[in-house]
Amino acid sequence: MAEQQWRIVKRSVDARQRELRVHLTVLVDEQGRPIPKDAPIPLYEPPVFQDVHNAERQVVIIGAGPAGLFAALTLLEHGIKPIIYERGKEVSERKKDIALLNRNEGLNPESNYCFGEGGAGTFSDGKLFSRSKKRGNMQRVMELFHYFGAPDTVLYEAHAHIGSDKLPGIIKKMRECILEHGGEIHFETKIESLSQITNHHGSADRQKSQITNSPIILAIGHSAHDTYRMLAAEGVALETKGFAMGVRAEHPQSLINKLMYHLDISKPRDLEVINYVGNASYSLVTQVDGRGVYSFCMCPGGHIVPAGSEAGSCVVNGMSASHRNSPYANSGMVVQINPEDISGKDPLRGLEFQEELERLAFEHGGPQAQAPAQRLKDFVEGKPSKDLPACSYLPGTVSSRLDQWLPASIGKRLQQGFRDFDRKYPGFLTNDAVILGVESRSSSAVRIPRDPETLQSISTPNLYPCGEGAGYAGGITSSALDGINAALKIAQFI
Ligand SMILES: Cc1cc2nc3c(=O)[nH]c(=O)nc-3n(C[C@H](O)[C@H](O)[C@H](O)COP(=O)(O)OP(=O)(O)OC[C@H]3O[C@@H](n4cnc5c(N)ncnc54)[C@H](O)[C@@H]3O)c2cc1C
């Protein structure tokens, strides 16, 4: 295709009409001729990281997910030393624990799909887009990903995507950059009390007092329930926030290509088009009884993965490799839950609600952590599934009556939601698709409120809650951006 020779600045696939369209914006020269892809034009201002080995100013960061890592990189740009504490392992060691998890050989509660270098974003779909355009310079996030090895497409694709095969290498390069420039990263170091940070970091009095006075960027993600509980016990202000829970649905990718693109992979011409634009995805939303029901984190050509971090719970999520070429299309299908939907006043009651459902899913799953599953049409019609279709979920599935044990506020709404989606895309509601329980960690159920001006916790000075766990971001890019913003704010103050 000719576009591969040009310098593209924007590319999007439009499947809203029956005929698929690709919109391209390319750079042209003064005569209006497309500029070749490899022409030496400056893409963006590369970052300049300073040497902070002996920097006076330092900042502690808890969590090495997108928020923590991008905060650290931004601090380096401002000559401030980042000191990161991460409960999980560095990425290559983490891979081994994830392989065990996929083979049903045990969950390491500190090293899994949620915890470890790169955070929840490392073994993910790596979709790099955010609905929010308000929070700052999203393009800078893409440029930093590109600088550390992401493909050119992240700079121009409307729905950019990296893939879980490429993300670990990018994360590793970020770590190497932080260490080379004098930052510190302490893996397998869970912070169990905010005062622990001072104790952990050596006994020399001078060093100790420096650390005590250092600002702390709290970038813990939304799965560290134990850390939320620690924060509550230490008097950090927390509040319940709206979130969403449901199931993960998986269809054959060929069916989704037909429904969304009207293309049939058995026809060579259609296959060529799919190979060019990539497997189809979808984004569905409806309202049922006053609550949103919607698809979340759709992974074309992907896999469903066990994304829990605690024993005795079953949590599913989705990821894909860069080529997105598995025969399956999966997506979270979730129901909006508002704080008033859960009784009580405890700011952490949303976590308990999530945990209850995750335990229930575990109980209804198989003895070796297989996920409870039901064919989609059976679920909507309230029938048991005698057997289950092939599925990408490596630990396996067992037939279960999700229609019976999901709380009605979620199950009934999902049933209606699937009927609505089928009206829009006839054929979506099929027994060739399967749902797995439960998709419970799509968003944070807690907010760590902060002052909008200083970005510091409203209860605890010098503490900068940021990223998904603080309840101010959702997804890789917005969390990374929130980390950048926290670091920029600190750079202004110290
Ligand atoms: C399987 C999966 C697929 C996903 N796919 C996508 C996708 O395609 N696109 C997208 O935008 N988003 C995706 N997400 C969501 C995305 O990964 C998160 O929104 C994002 O990673 C949040 O970034 P964060 O830095 O705020 O938190 P996290 O990435 O959760 O990182 C927090 C880090 O803090 C560490 N930590 C927690 N508590 C402590 C403690 N007490 N002491 C020390 N360290 C601690 C954790 O180990 C973790 O590494 C996916 C998530 C999962 C699980």
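Summary table below
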quantity: Residues satisfying the stated conditions in region 36-91, i.e. crowded, with 22+ Cβ neighbours inside 10 Å and basic (Lys, Arg); calculated: 81, 87
quantity: Selected residue [open to solvent by less than 20 Å² (accessible area, probe 1.4 Å) and either on the phi > 0 side of the Ramachandran plot or near the ligand (Cβ under 9 Å from one of its atoms) (or both)] from 149, 121; calculated: 121
quantity: Lone qualifier among 79, 169, 116 - being under 22 Å from residue 440 (Cα atoms) and either away from the ligand (no atom under 12 Å from the Cβ) or in the same structural domain as residue 475 (by TED's automatic domain parsing) (or both); calculated: 116
quantity: Enumerated strands (runs of 3 or more DSSP E) restricted to region 273-359, each holding at least 3 residues that are in contact with a helix residue (DSSP H, G or I) (Cβ under 7 Å, 6 or more places away or on another chain); calculated: 328-337
quantity: Selection status of residue 337, more than 11 Å from the ligand (Cβ to nearest atom), over 27 Å from residue 11 (Cβ atoms) and crowded, with 17+ Cβ neighbours inside 10 Å; calculated: yes
quantity: Selected residue [touching a residue at least 60 places away in the same chain (Cβ under 8 Å) and under 30 Å from residue 99 (Cα atoms)] from 434, 398; calculated: 434
quantity: All positions within region 393-402 that are closer than 19 Å to residue 304 by Cβ and surrounded by fewer than 21 Cβ atoms within 10 Å (Cβ to Cβ); calculated: 394, 395, 396, 398, 399
quantity: Boolean, residue 59 is part of a loop (DSSP other than H, G, I, E, B), aliphatic (A, V, I, L, M) and modelled with pLDDT of 90 or more; calculated: no
quantity: Lone qualifier among 359, 349, 375, 324 - being among the basic types (Lys, Arg), within 16 Å of the ligand (Cβ to nearest atom), surrounded by fewer than 24 Cβ atoms within 10 Å (Cβ to Cβ) and assigned by TED's automatic domain parsing to the domain that holds residue 402; calculated: 324
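The values are calculated or read from the model by the stated rules, or taken from the named source; none is laboratory data. These numbers come from a predicted model, not from an experiment. Positions of Cβ are backbone-derived with ideal geometry, glycine not excepted, and every protein chain shown enters the neighbour counts. What goes into the accessible areas is simple: the full protein's heavy atoms, side chains included, and nothing from ligands, DNA or RNA. Shrake-Rupley method; radii C 1.70, N 1.55, O 1.52, S 1.80 Å.
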